[in-house]
Amino acid sequence: MSGQIHPVVQALRERAFAQEVAVVLSDGEDPRAQAAASQLVSRGQIVPVLVGDEQRIREGLAAQAVEPARRGRIEVYDPKRDPRQAALLAVATSCERLCQAAEAQGMSLPEVAENPVVCAALMVRAGWVAGMVGGSAVPTAEVIRAGIRVVGLHPERPLVTGTFAMLLRQPLAAGQTVLMFADAAVIPHPTPEQLGLIALNAAAIGRKVVGLEPKVALLSFSTKGSAQDPAVERVQAAVSWLKSHAPSLAVDGELQADAALVPEVGRLKAPGSSVAGWANVLVFPNLESANIAYKLVERLAGATALGVILSGFAKPVHDLSRGCSADDIVNMAAVTALQATEG
C-alpha cells in the first residue's frame, strides 16, 4: 500500500501495534521484510522474527534507519545455525503430512525443516510465535502447503480460503465503506458446503479484523429464483447449509450484486430480507468471479485491497503477493496479531 493510509488500515494498525506478540516473517532475507520489521519495532509492541541466513539479514537490518535499541527487538532465526532447530525438528516429527511430503520428495526431515517457510510454520505450531506471514519471495502454494502440513486446519472451519477487505473511497448507498470479497484466492470451484465455509471464514475476518457486524450475501446472476441453472442451485444449497450450520449469522441469497448492495434494489428484488441492500460480506460463486471483481473494484473504483487474508488454519498463516511492498507486510503482520489476540 502506498500513499496515504486508509483510515480503516490506520485503525487496524493502532489496535494491532498495542499487542505484545511475536510474528514470524518467513522471507527474512527479503529487504521488504526487513523494512517491515523495522517499521513494526518503531511503531508498536509486535516482535518480528526474521527467518533466513543470519549474516545477510543482519547486514540488511543495519541499512535500515532504526535506532539500535529498537533494532535489537527484531529477532533473527537461522535454521541452519540456531541451536533451537533441534526442538523444531522434534515438532516436525509429529507432523504426519510434513513427514509424508518429505519422503515423497526424497528429502530428509531436517532438510525440509530448514526451509524458511516450513521453519516459520513449525514456530507457529510450537507456539513460539502467534502467526506467520510469508510469500514475498515464494509462491502462494508453498505458504499454503506449509500451513496445512504443519499448522493444521481450524477445527470448526477446516477449509483454507482467501478474503480481501475492499476499502472504498466513498460509502455506498447503504453506508458501507468496507466490503469483504471471498473466496478470491484459493478454491476455484467451491461446492455448496465449501461456499458455506468460505462465508463463515469471511464473516469471521470481517468481524475480527475490521470490526464489521457481518451481513453475508451469496452472489449469483439470479435473485431469489429469478433464473434457473445448476450454478444458481449450487448457491441456493450453500445458503441452506449456512442457515442450518450458522443460524445466528445474517445471511441471504442467492442475490445479484445490485440487490445485495443497493437498498432500493434489495427491497424490490428481495422484499423482507435483512441482508439485501445492506450486505458487507460478498461470497462469490467461484474463484474466477471473485478475483476478477476485486481487481476491477481496486482498479476502476480506486479501492484499497487489504489482503489476501487467509483463514481456515488452526493459527494465523498469511500469504503475500510477490509484488508486495513493505507496508503490505506490515499490514498483514498487524492482521496476524489481531487474529491471534483479539476476541
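The values are calculated or read from the model by the stated rules, or taken from the named source; none is laboratory data. These numbers come from a predicted model, not from an experiment. Note that we place each Cβ from the backbone using ideal geometry, even for glycine, and neighbour counts take in every protein chain shown.
For the range 216-232, which positions are touching a helix residue (DSSP H, G or I) at 6+ places or on another chain (Cβ under 9 Å) and either touching a residue at least 40 places away in the same chain (Cβ under 8 Å) or outside the structural domain of residue 283 (by TED's automatic domain parsing) (or both)?
Hits for the range 216-232 are 216, 217, 218, 219, 220, 223, 224, 226.
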Quiz item: In this structure, is residue 292 modelled with pLDDT of 95 or more and within 30 Å of residue 21 (Cβ to Cβ)?
Solution: no
Self-check item: Search result, residues across the range 272-291 that are under 19 Å from residue 232 (Cβ atoms) and free of Cβ contacts under 8 Å to residues at least 40 places away in the same chain
Solution: 273
Quiz item: Condition test on residue 242, is it buried (at least 23 other Cβ atoms within 10 Å of the Cβ), in contact (Cβ under 8 Å) with a residue 60 or more places away in the chain, under 29 Å from residue 8 (Cα atoms) and in contact with a Gly (Cβ under 7 Å, 6 or more places away or on another chain)?
Solution: no
Quiz item: So which of 250, 303 is over 17 Å from residue 187 (Cβ atoms), at pLDDT below 95 and surrounded by 16 or more Cβ atoms within 10 Å (Cβ to Cβ)?
Solution: 303
Quiz item: With (1) touching a residue at least 60 places away in the same chain (Cβ under 8 Å); (2) under 19 Å from residue 21 (Cβ atoms); (3) not aliphatic (A, V, I, L, M) as the list, and residue 77 as the residue in question, which single condition is left unmet?
Solution: (1)
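Against the definition (hydrophobic (A, V, I, L, M, F, W, C), outside any helix (DSSP H, G or I) and within 24 Å of the chain's Cα centre (by Cα)), how does residue 204 come out, yes or no?
Numbers: hydrophobic (A, V, I, L, M, F, W, C): yes; outside any helix (DSSP H, G or I): no; within 24 Å of the chain's Cα centre (by Cα): yes.
When the stated conditions are applied, residue 204 does not pass them.
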Quiz item: Among the candidates 184, 174, 199, which residue alone is of a type in the set (A, V, I, L, M) and surrounded by fewer than 22 Cβ atoms within 10 Å (Cβ to Cβ)?
Solution: 174
